[in-house]
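All remarks here apply to the structure that follows.
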Amino acid sequence: TAYENYEADEVHRYQEAQARLRFDIEPWLINHPSSILEIGCASGTLLAAARDRGHRVAGLDLSSRFSEQAKRLNKLNVRVGNVLKFTCRKKKYDAVFIFGTVSNLPDLEKVLRKIRGLINREGKLFINFPDSLSFIAKVYAEKMWMFSPTVITFPSSRGLVLCAKNAGCIVTGK
């Protein structure tokens, strides 16, 4: 699989996650600490870094293997399941992260609509994804690592913005 040696790089992912939080995410958050949900959180590295910076965190992943790794490596209880069936047990979240997971979602607009319902009124949805119209995607074409067997959707930036707006999201940021 693509994640055959995933655990071996946990320390480096944690260091990158700390920098990503500090420079790319926290300046956009409305509260500190914030309540954060990460969808497709894998072993929970970013959530662990957020927790260690004082945020309240929750994770969701389709993989029970990743959920077990999150517990063992990062002492996180990651729920296993599909985002469309996910329910908030308490209040809504200040921020929801979807990093590297967009391409695996079968009905992106439906998922974004669901996520919109999980976020506080002033909350933020953070997304990253490989843009299908980017230079890198054009150069690598089908050899690009994001074209794994699980990829269902490969949007362009413009397509993702349109989808988010159709789902009722207000698009801001970079």
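Does the stretch 112-120 contain any residue that is more than 21 Å from GLU7 (Cβ to Cβ) and modelled with pLDDT under 90? Outline the logic, then answer.
Step one: filter the stretch 112-120 for residues more than 21 Å from GLU7 (Cβ to Cβ), giving 112-120.
When the remaining residues are screened for being modelled with pLDDT under 90, the result is none.
Looking through the stretch 112-120, none of the residues is more than 21 Å from GLU7 (Cβ to Cβ) and modelled with pLDDT under 90.
Inspect the stretch 34-41 for any residue being closer than 20 Å to GLN15 by Cα, acidic (Asp, Glu) and under 11 Å from the mean Cα position of the chain (by Cα) and give the result as yes or no.
Within the stretch 34-41 (the criterion being closer than 20 Å to GLN15 by Cα, acidic (Asp, Glu) and under 11 Å from the mean Cα position of the chain (by Cα)), the answer is yes, since at least one residue qualifies.
Look through the stretch 35-64, keep the residues that are in contact with a strand residue (DSSP E or B) (Cβ under 6 Å, 6 or more places away or on another chain) and hydroxyl-bearing (Ser, Thr, Tyr), and return whichever of them is most open to solvent (accessible area, probe 1.4 Å).
Among those residues, the one meeting the criterion is SER64.
What number of residues within the stretch 122-170 are in a loop (DSSP other than H, G, I, E, B), modelled with pLDDT of 70 or more and loosely packed, with under 12 Cβ neighbours inside 10 Å?
Result for the stretch 122-170: 2.
Residue check: is LEU73 touching a strand residue (DSSP E or B) at 6+ places or on another chain (Cβ under 9 Å), touching a residue at least 60 places away in the same chain (Cβ under 8 Å), among the hydrophobic types (A, V, I, L, M, F, W, C) and more than 21 Å from ASP24 (Cα to Cα)?
Considered against the rule, which asks whether it is touching a strand residue (DSSP E or B) at 6+ places or on another chain (Cβ under 9 Å), touching a residue at least 60 places away in the same chain (Cβ under 8 Å), among the hydrophobic types (A, V, I, L, M, F, W, C) and more than 21 Å from ASP24 (Cα to Cα), LEU73 comes out as no.
I'd like to know if the stretch 4-16 contains one or more residues that are touching a helix residue (DSSP H, G or I) at 6+ places or on another chain (Cβ under 9 Å), part of a helix (DSSP H, G or I), open to solvent by 70 Å² or more (accessible area, probe 1.4 Å) and of a type in the set (Lys, Arg).
Scanning the stretch 4-16, I find no residue that is touching a helix residue (DSSP H, G or I) at 6+ places or on another chain (Cβ under 9 Å), part of a helix (DSSP H, G or I), open to solvent by 70 Å² or more (accessible area, probe 1.4 Å) and of a type in the set (Lys, Arg), so the answer is no.
In this structure, is HIS32 open to solvent by 90 Å² or more (accessible area, probe 1.4 Å) and part of a loop (DSSP other than H, G, I, E, B)?
Spelling it out, HIS32 is indeed open to solvent by 90 Å² or more (accessible area, probe 1.4 Å) and part of a loop (DSSP other than H, G, I, E, B).
The values are calculated or read from the model by the stated rules, or taken from the named source; none is laboratory data. Small disclaimer: the values here were computed from a predicted structure and weren't measured. Ideal geometry is used to build each Cβ from the backbone, glycine not excepted, and the neighbour counts take in all protein chains shown. Remember, those area values only see protein heavy atoms, side chains included, never the ligands or the DNA or RNA. Shrake-Rupley method; radii C 1.70, N 1.55, O 1.52, S 1.80 Å.
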